[in-house]
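Presented below is the structure to which this report refers.
The values are calculated or read from the model by the stated rules, or taken from the named source; none is laboratory data. Please read all numbers here as calculations on a predicted model, not as lab measurements. All Cβ positions, glycine included, derive from the backbone under ideal geometry; neighbour counts span all protein chains shown. These accessible areas exclude ligands, DNA and RNA; they are computed on the full protein's heavy atoms, side chains included. Shrake-Rupley method; radii C 1.70, N 1.55, O 1.52, S 1.80 Å.
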Amino acid sequence: MNFQSLKIEKVTGAATISHFLLMFGYKLFSLYFPLFLLARGFSLSQVGYVYLLIYLPIAVFSPIVGFLNHKINPAILAGLGIFGYGFYSLSMIIVQETLVFYFCQIVLGMSAALFFVSMKAILMGHPLENFDRSFGWFYSSPFYADALAPVVGALFIWKFNFTGVFVLSLIFHILNIFFCLIYLRKPAVKLVDDGFKLKQTFLNYQKAFSKIKEKTVLPFILISLSILFLAGFYRAFFILFLKDIGWSQNQVLAFGSLLSVAFLPISLLVIKKLESKKSEKNIIKGGLIFGFFTILLGAFGFYAPALIILLIVMAKSAGAFLTNSSRSGLVSQKLKQYPEEAGAIDTMFSPLGAASGSLIAGLIIGFLGFSNLFILGGVFVLAIALIVWGIHSHKI
């Protein structure tokens, strides 16, 4: 596994591949999951509730995983998280009781915390040449998975219904467990400290959050959080938005496949951008791009042809990718003395945003509508990015 010619350290390459396998297995069905929920008889508000149950446990469980990373090899914890994803895929086939179904969403959230906190601790605990670039590769994994997984998933859903795609997902997660334990267990072993006490982890979190609250860090974190908040709208309801404007299920499946393939070269261009600019500049630029194109989606989505919607969504995704990769790079730089805690804190941002976004969207979408939801959300992100830009432009 020689990643040097691509400017990817070995540990970054292994973490990126494991992330790719995890996301491939999950994204076989995740894009179409709202359709699965509707088929089970869920209302729009219940769809938002399901996403809340997935993302909130990630935020709650992440600090616990941060402590466990001091005691147990993070690669083993990441492998346990992958196992949880496999369990989830299997449970979607066999679980019929609603309460048990809800519990499985919580299990998925806890599994995500195990994987992402541990992987970020492994990356942050190594002397990486460029943190923004390394996290750019790590965060690009979902886009590589997107280039194929929705296509394969759509085919399996069409041929075997959702049961077939959940079985295929389970197979990929099993393969990923072995990959993770083979290629990441040794790099992660130096992070384990048997003498680390619970009191020390509280002190480390206190110091880490003191750094996060500094004026040179917090405003940029807020831009990322605003994007992640709106991403909660998008993840829960974008597919249903396409259905609402008259698209058939086959058209939705085709759009998801095309979007995935088309965004792949854009993700590589964004990674190159991450190498040459400061984290703060990238975060602001990504926020401005995301906010502007989200407003366009809300304003013209009901009338625009499919190609225009595709271009808008690609641009919006590029902005989010740029901001969130640079946010992780910024957190890595500022909290490099506390890699386990930094991995937990950075992991908490995404689920907090997604959980709150999906919950609020589920409550207000009935009377606000898809268009107004996206327009107001885009204005919210754009305003925060512009304010931070105005305050810090002379410093970066």
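Out of region 210-220, which residues are surrounded by fewer than 21 Cβ atoms within 10 Å (Cβ to Cβ) and either acidic (Asp, Glu) or outside any loop (DSSP other than H, G, I, E, B) (or both)?
SER210, LYS211, ILE212, GLU214, LEU218, PRO219 - these are the residues of region 210-220 that are surrounded by fewer than 21 Cβ atoms within 10 Å (Cβ to Cβ) and either acidic (Asp, Glu) or outside any loop (DSSP other than H, G, I, E, B) (or both).
Residues are listed down the side, and each one gets a yes or a no for (1) at pLDDT 85 or above; (2) surrounded by fewer than 19 Cβ atoms within 10 Å (Cβ to Cβ):
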residue	(1), (2)
PRO150	no, no
PHE162	yes, no
ILE171	yes, yes
ASN176	yes, no
LEU181	yes, yes
LYS186	no, yes
VAL189	no, yes
GLN200	no, yes
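Take ILE284 and decide whether it is open to solvent by less than 20 Å² (accessible area, probe 1.4 Å), under 20 Å from GLY256 (Cβ atoms) and modelled with pLDDT of 90 or more.
No.
With the requirement that a residue be at pLDDT below 85 and open to solvent by less than 10 Å² (accessible area, probe 1.4 Å), what does region 221-232 give you?
GLY232
Say we look at region 44-58 and pick out the residues that are open to solvent by 60 Å² or more (accessible area, probe 1.4 Å) and either among the aromatic types (Phe, Trp, Tyr) or within 15 Å of the chain's Cα centre (by Cα) (or both); which of these is farthest from ILE345 (Cα to Cα)?
Restricting to residues being open to solvent by 60 Å² or more (accessible area, probe 1.4 Å) and either among the aromatic types (Phe, Trp, Tyr) or within 15 Å of the chain's Cα centre (by Cα) (or both), the top hit is TYR49.
Working only within region 347-393, note down all residues that are within 17 Å of GLY287 (Cβ to Cβ) and not hydrophobic (A, V, I, L, M, F, W, C).
SER350, GLY353, GLY357, GLY377, GLY378, GLY390, HIS392, SER393
Here is a list: SER62, SER91. Which entry is under 14 Å from MET119 (Cα atoms), hydroxyl-bearing (Ser, Thr, Tyr) and either more than 22 Å from the chain's Cα centre (by Cα) or open to solvent by less than 10 Å² (accessible area, probe 1.4 Å) (or both)?
SER62
Of all the residues that make up region 355-396, how many are farther than 19 Å from LYS243 by Cα, open to solvent by 50 Å² or more (accessible area, probe 1.4 Å) and either over 23 Å from the mean Cα position of the chain (by Cα) or of a type in the set (Val, Ile, Thr) (or both)?
Qualifying residue count, region 355-396: 10.
Looking for whichever is closer than 21 Å to VAL47 by Cβ and modelled with pLDDT under 95 here; the options are LEU108, LEU123, LEU99. Which one fits?
After applying the criteria, what remains is LEU99.
Taking the conditions exactly as written (more than 17 Å from ARG235 (Cα to Cα) and open to solvent by less than 70 Å² (accessible area, probe 1.4 Å)), does SER18 satisfy them or not?
yes
Residues of region 68-78 being at pLDDT 85 or above and either among the hydrophobic types (A, V, I, L, M, F, W, C) or open to solvent by 50 Å² or more (accessible area, probe 1.4 Å) (or both), which ones?
LEU68, ILE72, ALA75, ILE76, LEU77, ALA78
Looking only at residues in region 301-336 that are crowded, with 23+ Cβ neighbours inside 10 Å and among the basic types (Lys, Arg), which one is modelled with the lowest pLDDT?
The residue in question is ARG327.
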